[in-house]
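A.B. asks: One structure is given below, represented as structure tokens, and several questions about it will come after.
The values are calculated or read from the model by the stated rules, or taken from the named source; none is laboratory data. Values in this document were obtained by computation on a predicted structure and should not be read as measured data. Note that we place each Cβ from the backbone using ideal geometry, even for glycine, and neighbour counts take in every protein chain shown.
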Amino acid sequence: MRRLLTAALIFAALGPMPGTVMRFPEVDLTESAAARPVAFAPEEEGALRFVRGWHLVSPHSRFGGFSALARIGADRFQLVGDNGYGTRLTLDSRGAVSDVRIRPLPTPYGRPARKSMIDAEAMFVDSASGKSWIALEGINEIWRLDADLAAIEARRKLPPPRWPSNRGPEAMVRLGDGRTLVLSEDADNDTRGREGLLYTGDPAEPGPAPIHFFYASDGRGLVSDAAPLPDGRILLVHRRLGFDPVFTTILSILDPTDIEADSIVRSRTIGRIPAPLAENYEGGAVSVEGGRTFLWLVADNNFNIWQRSLLLQFELVDLPPKRMPDSKKAAR
């Protein structure tokens, strides 16, 4: 019964139900956007300190559904949606939006008839080349795109066994040493945790098989994205569904030095998004400016009229120290 209730809740929250009012009943491909400021005064502060936030809106029919986020320059953002569209925009400190580009991602087979064929869920961007790596959940593949998001340079399937099409690669992060970590949304081994992969080379090119491991989320919910921290650790974004609020976002830190073949790794909670800002956050990025570390989160509105494409900025402060190499591998 609990599984049926959870499934019904997920269906209601993450996908438009029959009769649900949807945005954009008519197609509009105007490439423009605006940012409405989010008013929020935190009652208390911890490791996550709210800086500012915006509600992103656009007349463009394909704007939204954001499942991955990258900060590709000063005030410049790249977002990809699970509808197979990429958005680039500049958002300055005053909330002014400019230089908006909303285009379909390239595919090897034209525009697919099914959303699952272009369900982009995770991304990282190489700052030197501008190239993007995108993980596609429905087809269990990783693509490398050129700097203009106009061509696929390489693509590779995840190794068998195949992750379920609606629970496949959901988070992907490039580590400082060049390795790439991929986490499934909910491909699991009942007792060990959700499945993960650690690639030693380019995950979009033929190469050695990745290291297979398990991540135990310990009640935080499903991982929806990941981002590298300056000290080499990984910030994980978790999404847990409920009733009030529907979405709870919990953030934690994972140390990739804990990962070994077929190991179970855990993370340490650092905070959660306050309830007044609750939304379906699926994209995360970390930036360092003036010696300060910031977390950016973007929400997937699922193209439902009752959800918002929020973009929030938090400062990360007083994070738990990184364990020394000879310390015990205990988390939490």
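A.B. asks: Restricting region 179-208 to residues that are surrounded by fewer than 17 Cβ atoms within 10 Å (Cβ to Cβ) and under 17 Å from S263 (Cα atoms), which is modelled with the highest pLDDT?
C.D. replies: It comes out as T200.
A.B. asks: Given the criterion closer than 16 Å to L56 by Cβ and surrounded by fewer than 17 Cβ atoms within 10 Å (Cβ to Cβ), identify the matching residue among S98, S127, S116. Spell out how you get there, then give the answer.
C.D. replies: On the way: S127 fails: closer than 16 Å to L56 by Cβ; S116 fails: closer than 16 Å to L56 by Cβ.
Exactly one of S98, S127, S116 is closer than 16 Å to L56 by Cβ and surrounded by fewer than 17 Cβ atoms within 10 Å (Cβ to Cβ), namely S98.
A.B. asks: Would you check which residues across region 72-86 are part of a strand (DSSP E or B) and either hydroxyl-bearing (S, T, Y) or surrounded by 20 or more Cβ atoms within 10 Å (Cβ to Cβ) (or both) and list them? Don't jump to the end; show me each part of the working.
C.D. replies: Step one: list which residues in region 72-86 are part of a strand (DSSP E or B), which gives 72-73, 76-81, 85-86.
Within region 72-86, F77, Q78, L79, V80, G81, Y85, G86 qualify.
A.B. asks: Filter region 94-126 down to the residues that are hydroxyl-bearing (S, T, Y), touching a strand residue (DSSP E or B) at 6+ places or on another chain (Cβ under 8 Å) and modelled with pLDDT under 95 and list them by number. Talk me through it step by step, then tell me what you get.
C.D. replies: Let us first name the residues in region 94-126 that are hydroxyl-bearing (S, T, Y), namely 98, 107, 109, 116.
Imposing the further condition that a residue be touching a strand residue (DSSP E or B) at 6+ places or on another chain (Cβ under 8 Å) reduces the set to 98, 107.
The one that is hydroxyl-bearing (S, T, Y), touching a strand residue (DSSP E or B) at 6+ places or on another chain (Cβ under 8 Å) and modelled with pLDDT under 95: T107.
A.B. asks: Looking for something over 16 Å from L197 (Cα atoms), out of contact with any helix residue (DSSP H, G or I) (no Cβ under 8 Å at 6 or more places or on another chain) and buried (at least 22 other Cβ atoms within 10 Å of the Cβ) - is there at least one such residue anywhere in region 131-148?
C.D. replies: Yes, some residue in region 131-148 is over 16 Å from L197 (Cα atoms), out of contact with any helix residue (DSSP H, G or I) (no Cβ under 8 Å at 6 or more places or on another chain) and buried (at least 22 other Cβ atoms within 10 Å of the Cβ).
A.B. asks: Still on this structure: Take region 269-321 and flag every residue that is of a type in the set (S, T, N, Q) and farther than 15 Å from I234 by Cα. If you could, list the steps in order and put the result at the bottom.
C.D. replies: Applying the first criterion (of a type in the set (S, T, N, Q)) to region 269-321 yields 269, 280, 287, 293, 301-302, 304, 307, 309, 313.
Those that are of a type in the set (S, T, N, Q) and farther than 15 Å from I234 by Cα: N280, N301, N302, N304, Q307, S309, Q313.
A.B. asks: Could you look through region 197-235, keep only residues that are in a loop (DSSP other than H, G, I, E, B) and among the acidic types (D, E), and pick out the one that is farthest from F124 (Cα to Cα)?
C.D. replies: First, pick out the residues of region 197-235 that are in a loop (DSSP other than H, G, I, E, B): 200-210, 216-221, 229-233.
Add one more test, that the residue is among the acidic types (D, E), and what stays is 202, 205, 218, 231.
Values: D202: 12, E205: 15, D218: 26, D231: 18 Å.
Residue satisfying both the conditions and the ranking: D218.
Each row is one residue, and each column tells you yes or no for (1) under 24 Å from K322 (Cα atoms); (2) out of contact with any helix residue (DSSP H, G or I) (no Cβ under 8 Å at 6 or more places or on another chain).
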residue	(1), (2)
I211	yes, yes
G221	yes, yes
L229	yes, yes
R233	yes, no
R239	no, yes
I259	yes, yes
R268	yes, yes
R272	yes, yes
A285	yes, yes
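A.B. asks: Being at pLDDT 95 or above, out of contact with any His (no Cβ under 7 Å at 6 or more places or on another chain) and among the aromatic types (F, W, Y) is the requirement here; does W296 meet it? First the steps, then the outcome.
C.D. replies: On the way: at pLDDT 95 or above: yes; out of contact with any His (no Cβ under 7 Å at 6 or more places or on another chain): yes; among the aromatic types (F, W, Y): yes.
Yes, satisfied.
A.B. asks: Test R194 against the criterion of being touching an Asp or Glu at 6+ places or on another chain (Cβ under 7 Å) and touching a residue at least 60 places away in the same chain (Cβ under 8 Å), and give yes or no. Talk me through it step by step, then tell me what you get.
C.D. replies: On the way: touching an Asp or Glu at 6+ places or on another chain (Cβ under 7 Å): yes; touching a residue at least 60 places away in the same chain (Cβ under 8 Å): no.
No, not satisfied.
A.B. asks: Residues of region 32-60 being buried (at least 16 other Cβ atoms within 10 Å of the Cβ) and either in a loop (DSSP other than H, G, I, E, B) or on the phi > 0 side of the Ramachandran plot (or both), which ones?
C.D. replies: Of everything in region 32-60, those that are buried (at least 16 other Cβ atoms within 10 Å of the Cβ) and either in a loop (DSSP other than H, G, I, E, B) or on the phi > 0 side of the Ramachandran plot (or both) turn out to be A33, V38, A47, S58, H60.
A.B. asks: Further question: Tell me the strands (runs of 3 or more DSSP E) entirely within region 240-332 that contain at least 2 residues that are touching a residue at least 24 places away in the same chain (Cβ under 8 Å) and either small (G, A, S) or farther than 28 Å from S93 by Cβ (or both).
C.D. replies: Details: elements: 247-254, 267-272, 281-289, 292-299, 309-316.
Result: 247-254, 267-272, 281-289.
A.B. asks: Scan region 74-133 for residues that are within 24 Å of P37 (Cβ to Cβ) and touching a Pro at 6+ places or on another chain (Cβ under 6 Å) and jot them down.
C.D. replies: G95, the sole residue that qualifies.
A.B. asks: Applying the selection to region 157-185, what residues are more than 19 Å from K115 (Cα to Cα) and outside any loop (DSSP other than H, G, I, E, B)?
C.D. replies: M172, V173, R174, T180, L181, V182, L183
A.B. asks: Okay, next question. Exactly one of (1) at pLDDT 90 or above; (2) within 21 Å of R240 (Cα to Cα); (3) hydrophobic (A, V, I, L, M, F, W, C) is unmet by V288. Its number?
C.D. replies: Exception for V288: condition (2).
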